[in-house]
Amino acid sequence: MQDKIRVYFSASTRDFLAWRPFYRKILDTIKKAGGVLTRDWITCTEDSIKKGLYELTDKQWREIYQQVVKAVKEAEVLIVENSNPSFSSGYLTYLGLSLGKPTLLLQKLRRGLSFVRGFVAGVEHPLLSVVFYSYEQQAFDAISRFLKEAKDKVARKSFHLKLSVEEYNKLTRLKLKTGKSRTRIIRELIEGAAGF
């Protein structure tokens, strides 16, 4: 079993300052459970707030979108906190699932709402785990369980690859030229060929 797992964490930026302490606790939980973020958007958002950048240009949003999609593709799993629902959280949940990423969707149960569980309670997908929680600790426990199970499922598989001397020499030259391991070079070629 591998020690670390690549995670993309998503949540709404609406009312960010109110939600930030909870989001930070989620990041701590992810880290303690062996997760490594593919993109730390929380720190980016905090930096923007410090700089007074509340309105971004279309170009800036396109750059952010490209960074987010890249991070989702690099992730092995997604964790989405959906208690403060947003279009982006829904979109990223869909994107992750369409890319075959196991996804944990967390949603706090809130009394007094017309639909306590909401639309997400009806979504069925083999890679989607939906957890409704009442207390923060329940969310943290769900994250830890999800990452433990995901690490077991995405553990690397190994196999022998037979190359001709010429192929091996080409791979070695690429290794020396790029500074990447032979395994990384092969993975990148596979990912590129698969359109990832």
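Of the peptides 124-134, 182-192, how do they stack up when ordered by the mean number of other Cβ atoms within 10 Å, highest first?
Working: 124-134: 14.5, 182-192: 12.6.
Listed from highest to lowest mean packing, they are 124-134, 182-192.
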Original post:
So what's the chain giving for Rg/Rh, alpha carbon basis, Kirkwood Rh from the mean inverse pair distance?
Top reply: 1.03
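In debye, nearest 20: dipole of the chain around its Cα centre with unit charges on the Cβ of K, R (+) and D, E (-)? Before the final figure, lay out the partial values.
Numbers: 35 positive and 21 negative charges, 126 e Å.
For this selection, approximately 600 debye.
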**OP:** Note the angle between two axes, namely the Cα long axis of helix 41-50 and the longest principal axis of the Cα atoms of the chain, as a number of degrees from 0 to 90, rounded to the nearest 10.
**Re:** 60
Original post:
Can you list the aspartates and glutamates whose alpha carbon sits under 15 Å from that of Lys32, skipping same-chain ones fewer than 8 residues off?
Top reply: Asp3, Asp141, Glu149
**OP:** Sort the following peptides by mean Cβ neighbour count (other Cβ atoms within 10 Å, averaged over residues), highest first: 8-20, 72-84, 163-175.
**Re:** 72-84, 8-20, 163-175
**OP:** Would you calculate a helix-derived [θ] at 222 nm for the chain, using -39,500 (n - 2.57) for each DSSP H run of n ≥ 4 and dividing by the full residue count, to the nearest 500?
**Re:** -16500 deg cm²/dmol
**OP:** Beyond 23 Å between alpha-carbons counts as too far, so tell me which of Lys101/Lys148; Lys25/Lys108; Lys70/Lys108; Lys4/Lys177 fall in that bin.
**Re:** Lys70/Lys108; Lys4/Lys177
Original post:
Among Leu56, Tyr8, Phe22, whose Cα sits farthest toward the positive end of the charge dipole of the chain (+1 at Cβ of Lys/Arg, -1 at Cβ of Asp/Glu, about the Cα centre)?
Top reply: Tyr8
**OP:** Highest first, please rank the peptides 41-54, 95-108 by the mean number of other Cβ atoms sitting within 10 Å of their residues.
**Re:** 95-108, 41-54
Subject >> Qualifying lysines (Cα of each under 17 Å from Cα of Lys180; at least 8 residues distant if same chain) >> reply: Lys170
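Hey, with R₀ at 30 Å, roughly what FRET efficiency would Glu191 and Lys51 work out to, going by the Cβ-Cβ distance, to 0.05?
Working: r = 34 Å, r/R0 = 1.15.
Here the calculated transfer efficiency is 0.30.
Every read-out reported here was derived from the displayed coordinates using simple, explicitly stated rules and does not represent laboratory data. Being a predicted model, the structure only gives us computed values, none of them experimental. Here the Cβ is made from the backbone with ideal geometry for all residues, glycine too, and neighbour counts use every protein chain on show.
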